[in-house]
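For reference, the structure discussed in these notes is given below.
The values are calculated or read from the model by the stated rules, or taken from the named source; none is laboratory data. Because the structure is a prediction, the values reported are computed rather than measured. Reconstructed Cβ throughout: ideal geometry from the backbone, glycine too, with neighbour counts over all protein chains shown.
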Protein chains: 4
Amino acid sequence: MSSRRSARIPAKECELKTPGRKRCILTQRCILEKTLELLEENGYAELTIEGIAARAGVGKTTIYRWWPNKAGVVMDAFLSSTSHKIPFLDTGSVREDIRLHMRRFVKVLNSPAGRAIAALIAGGRMDEVLAESFRSGFLSARRSEAKQVLLRGIERGEIRADVNPEVALDTLYGPVYFRLMTGHAPLTSGYADAVVETVMPGLAV
Amino acid sequence: MSSRRSARIPAKECELKTPGRKRCILTQRCILEKTLELLEENGYAELTIEGIAARAGVGKTTIYRWWPNKAGVVMDAFLSSTSHKIPFLDTGSVREDIRLHMRRFVKVLNSPAGRAIAALIAGGRMDEVLAESFRSGFLSARRSEAKQVLLRGIERGEIRADVNPEVALDTLYGPVYFRLMTGHAPLTSGYADAVVETVMPGLAV
Amino acid sequence: MSSRRSARIPAKECELKTPGRKRCILTQRCILEKTLELLEENGYAELTIEGIAARAGVGKTTIYRWWPNKAGVVMDAFLSSTSHKIPFLDTGSVREDIRLHMRRFVKVLNSPAGRAIAALIAGGRMDEVLAESFRSGFLSARRSEAKQVLLRGIERGEIRADVNPEVALDTLYGPVYFRLMTGHAPLTSGYADAVVETVMPGLAV
Amino acid sequence: MSSRRSARIPAKECELKTPGRKRCILTQRCILEKTLELLEENGYAELTIEGIAARAGVGKTTIYRWWPNKAGVVMDAFLSSTSHKIPFLDTGSVREDIRLHMRRFVKVLNSPAGRAIAALIAGGRMDEVLAESFRSGFLSARRSEAKQVLLRGIERGEIRADVNPEVALDTLYGPVYFRLMTGHAPLTSGYADAVVETVMPGLAV
DNA sequence: GTATAAACGAGACGGTACGTCAGGTCTTTCT
DNA sequence: AGAAAGACCTGACGTACCGTCTCGTTTATAC
């Protein structure tokens, strides 16, 4: 997703210095930063390439040179930020590990980053490329990490061995995303606890 | 959501009939039908008011007279269709009632109507009015119905009395909406079963 | 110009009174008045039928029932006003008669009525029907009156007999209309005098 | 009138060349040409920006980038054409110079260009900017040229020294514009002669 | 009186053009 | 060669009026 012209040989790998102005790494970073700002301020729909270019003090062309469309920039911008990266702890209790992670996740979702995540999921409904980027760049990494935690629980005998981890993860995190997307009820730490308390007993041995 | 001029006193409440040509009900219906068609054909992003007007053989003004924006029309179009209305049965077993309902719901979500629902949820992220319409016009009705089913289960002694129905519903339907919105894994009847089998044991006495 | 339905038999000529509500003369008058107001306020281009209807508290249909288009209403409105009707005096000197008339005409042109006249002439460039109405309803009456004055001058021996009255009138009033329409220089009483002093010697015996 | 962004420093005055794609002169020319074509075909009222854009194969935005409204484009289109530029000759007789010029002017006014001129004068009644453009871009140049001719006549002793050239010009050309604008009588070469014959004797020594 | 018919207000309706915004491409100039 | 500035075509936006068309109400004859 990072570049539409991925075929090009990156400057670092190619010792033969090519003529011409070098790709300005600061410019890239600036674009991504401003994109994230604007995304959190106004959401995906209000976001425009022209707006990003203006805010970053950059020509539209420069953006189009490196990303295919709005979704591309936004995805890169989101992935380049770190606010949403929440490591799992190993407290000894899987239930506790997941509860703590979900509490922190809920906290992130209530921050501007949450708006960005919702915007990306929503944007995925009108742009399959964006959807795929979100899944491969964000979701799958988090899910495989969480899956490890569940498998650890199975090994330790906390979780029943016949539990399907994919489904189990959905029943834990799905409700959180559901409230994020529809806003039909508040998304609080207490809610994270409640979901864990409702679901985990059914997974335990 | 039915009219941007909600300030007007509806005819039923106000015996003083307003003068002027009456709103042509056929036109309205036609607009909503064509909207649904186009929505299912090309998705929410591709949908344009001009497109709807052209397809329905109607002036753009007529659409803007009654709905504030694209989201409004789409919402009304969706609510006026019946394909997504799935009644709960009473088989005697709450678990079975919900499983059957979820299977049918999954089937609907895989039809064009599912695309519309996803579009509406996504649209709600950029338009709070739309979000609220979706919640009050679609979600809350379905949730209160489902809540009745759960409460019935508690009465019958199938479900633990200390279960929070709101949270329980989220753990059942949240995963389904999660897959609908992110598409990270297929949404099948088997998945509906799996979710029920994962969650229900934790709710049972 | 008064009615689009000129085929109808006017009430006066037809003793058989038709049933039905009679044309409300107050409504008509009100429409014409408000039209004139709006014309003087914003000019012909800004004038809209909807605007007239709103200002007069009248349905659009009522206007379209009696006039074919904007030009029709405006023309009738203008002709029904009297501010622009300036009689010629008979002072004994044709030169003086015309000078006095032109001074008063200039004064009218500097009033809101002048704006209306300019608007009508301008409007005639986009609507030949309006142009023709203006000529037959306004111009020709004034010109034939002025022609009488010139002919009187010829009889009395003040004006050369070989003067073409049409051309002579153009050289007297044309300059005034010219300044009205282009505004390239102010339109004052002194200017009226100057034109008369410039042209009349060439017409005198 | 040439550009709505008159604040910009024109390239000629500013040696620092600005970056960015240069204004495509062919596009401009094409727009103006097609505008003139359409103006002459259907008149000012029928002329639409969309029509011009379509005919010129140009985006509407490109037109709005450089001109504030219809009147602006038309004015530029008119001024960029040369059909209406009629030089004065020096035959030795001022009367003859003016008569010949007026005859040619009348001929132009009977061509499509005349329709454009009338449209511009009419348009000036609803747009003071257009009116001013017309005066400064078209009228004043012609009038100062004509004034020179009259002054030459005074020097030579053909014209009385006490004649006010401004008023004299109005009495000569005003009648022509009058007929152009109202169409109350045909505008022929003979008419040009008649006006000259009526007015000039009063100006001669 | 009671039917009949037209005038009238209100306003819905299918349209056309408006002037604006953003998208994505292309060109020019500077670094 | 990379980057900025910005001109360009495209297409949809939401608005203003157009001129036509129902509606129900009101007002005047005519039976």
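Within this structure, C:GLY137 fails the test of being surrounded by 19 or more Cβ atoms within 10 Å (Cβ to Cβ), within 14 Å of chain D (Cβ to nearest Cβ), modelled with pLDDT under 95 and within 24 Å of D:ALA118 (Cα to Cα). Only one entry in D:ASP162, D:ASP170 is out of contact with any Ser or Thr (no Cβ under 8 Å at 6 or more places or on another chain) and at pLDDT below 95, namely D:ASP162. With (1) over 27 Å from D:ASN69 (Cα atoms); (2) part of a helix (DSSP H, G or I) as the list, and C:LEU38 as the residue in question, which single condition is left unmet? Going through the list (1) over 27 Å from D:ASN69 (Cα atoms); (2) part of a helix (DSSP H, G or I), C:LEU38 breaks only (1). All conditions in (1) within 14 Å of another protein chain (Cβ to nearest Cβ); (2) not in a helix (DSSP H, G or I) hold for D:ASP90, with the sole exception of (1). Restricting the range D:45-55 to residues that are surrounded by fewer than 18 Cβ atoms within 10 Å (Cβ to Cβ) and within 10 Å of DNA strand E (Cβ to nearest atom), the residue that is nearest to the other protein chains (Cβ to nearest Cβ) is D:GLU46. Only one entry of D:GLY51, D:GLY43 meets the criterion of being at positive phi and not β-branched (Val, Ile, Thr), and that entry is D:GLY43.
Only a single item in (1) at pLDDT 95 or above; (2) surrounded by 20 or more Cβ atoms within 10 Å (Cβ to Cβ) is not met by B:GLY124, and it is number (1). From the set of residues in the range B:56-80 that are surrounded by fewer than 18 Cβ atoms within 10 Å (Cβ to Cβ) and more than 11 Å from DNA strand E (Cβ to nearest atom), which is nearest to A:TYR44 (Cα to Cα)? That would be B:ASN69. Taking the criterion of being in contact (Cβ under 8 Å) with a residue 12 or more places away in the chain, surrounded by fewer than 19 Cβ atoms within 10 Å (Cβ to Cβ) and facing chain D (nearest Cβ under 9 Å), the only residue of the range C:164-190 that qualifies is C:GLU166.
All told, A:ARG143 meets the bar of being charged (D, E, K, R), touching a His at 6+ places or on another chain (Cβ under 9 Å) and within 9 Å of another protein chain (Cβ to nearest Cβ). Listed by first and then second residue, the pairs linking a residue in the range A:65-76 that is part of a loop (DSSP other than H, G, I, E, B) to a residue that is basic (Lys, Arg), with Cβ atoms under 8 Å apart and 6 or more places separating them unless they lie on different chains, are A:TRP67/A:ARG4; A:PRO68/A:ARG4.
Comparison of B:ALA45, B:ALA54, B:ALA71 shows that the only residue that is over 19 Å from the mean Cα position of the chain (by Cα) and among the hydrophobic types (A, V, I, L, M, F, W, C) is B:ALA54.
The residues listed here are C:LYS22, C:LYS12, C:LYS85; of these, the one that is assigned to a loop (DSSP other than H, G, I, E, B), at pLDDT below 95 and within 10 Å of DNA strand F (Cβ to nearest atom) is C:LYS22.
Hey, can you tell me all the residues within the range A:145-162 that are surrounded by fewer than 21 Cβ atoms within 10 Å (Cβ to Cβ) and not in a helix (DSSP H, G or I)? Across the range A:145-162, the qualifying residues are A:GLY157, A:GLU158, A:ARG160, A:ALA161, A:ASP162.
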